Amino acid sequence: MGKKIQEYFLYFMCYSVIGWCYEVFLEVVVYRWGFSNRGVLFGPYCTIYGFGALLLIFTLGGLKKKKIYLGKLPAAPFLVFAGIVLIATAVELAASYLMEWLYGGWLWDYTRFHWNFEGRIAFNPSIRFGIGGMVFLYLLQPVLEKAAGRMPQTVRKTAAGLLAAILAADMVYTFVFR
């Protein structure tokens with residue numbers, strides 16, 4: 001794997017684990033429903049968050065750096081927020097249809113929220129994804145980029161290879177044997 005591919009794969013895995021932690025936190029602490037594995041796969045990761053994060057990096061990373069103003073007010077962060085909300089909502093909607101096609105249903109139900117569409121997407125979670133996306137794009141991603149840049153090649157290559165093997169084994173276990 002090339003250096004950039006390794007780094008993006010490590011970002012993918014990191015955000016997949018963070019997404020799983022977020023989902024479990026909501027379920028256990030906020031809603032008090034008790035623990036359940038919130039991912040499709042066996043391991044502690046929600047790959048939709050990893051895919052979503054990479055999509056946001058590739059689509060909004062450039063906009064984040066632009067100097068766009070409405071008068072004296074910087075407009076780029078507001079445009080980035082709107083982009084995150086739209087992209088995250090579209091990814092969640094597409095994922096719900098994909099999961100329904102593959103498994104007969106999806107893992108969330110937003111019917112209790114106002115302004116929802118078939119319980120698949122809703123305004124409230126979309127805004128939360130927008131806020132989380134801003135934290136990730138403006139605060140977390142620069143830290144991860146700096147850490148990845150400082151990581152020795154052998155460590156980066158070994159970590160990416162090991163995590164890829166674990167993810168591949170998990171996918172085989174989940175989709176073939178489970």
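The values are calculated or read from the model by the stated rules, or taken from the named source; none is laboratory data. All values derive from a computational prediction rather than experimental measurement. Here the Cβ is made from the backbone with ideal geometry for all residues, glycine too, and neighbour counts use every protein chain on show.
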> Among the helices (runs of 4 or more DSSP H) contained in segment 97-176, which hold 2 or more residues that are under 27 Å from PRO77 (Cα atoms) and within 16 Å of the chain's Cα centre (by Cα)?
Replying inline: 123-135, 141-150
> Out of the residues in segment 40-57 that are under 18 Å from GLU100 (Cβ atoms) and at pLDDT below 90, which is surrounded by the fewest Cβ atoms within 10 Å (Cβ to Cβ)?
Replying inline: LEU41
>> Suppose we filter ALA122, ALA90, ALA82 for residues that are farther than 22 Å from ILE57 by Cα and modelled with pLDDT of 95 or more; which single one remains?
In response: ALA122
> How many of the residues in segment 47-67 are out of contact with any Gly (no Cβ under 9 Å at 6 or more places or on another chain), among the hydrophobic types (A, V, I, L, M, F, W, C) and in contact (Cβ under 8 Å) with a residue 12 or more places away in the chain?
Replying inline: 4
>> Going residue by residue through segment 91-109, is there one that turns out to be under 23 Å from GLU27 (Cβ atoms), in contact with a His (Cβ under 8 Å, 6 or more places away or on another chain) and not small (Gly, Ala, Ser)?
In response: no
> What pairs can you find where one residue is in segment 121-139 and farther than 17 Å from ILE48 by Cβ and in contact (Cβ under 8 Å) with a residue 40 or more places away in the chain, the other is among the hydroxyl-bearing types (Ser, Thr, Tyr) and buried (at least 17 other Cβ atoms within 10 Å of the Cβ), and their Cβ atoms are less than 9 Å apart, with a gap of 6+ or different chains?
Replying inline: none
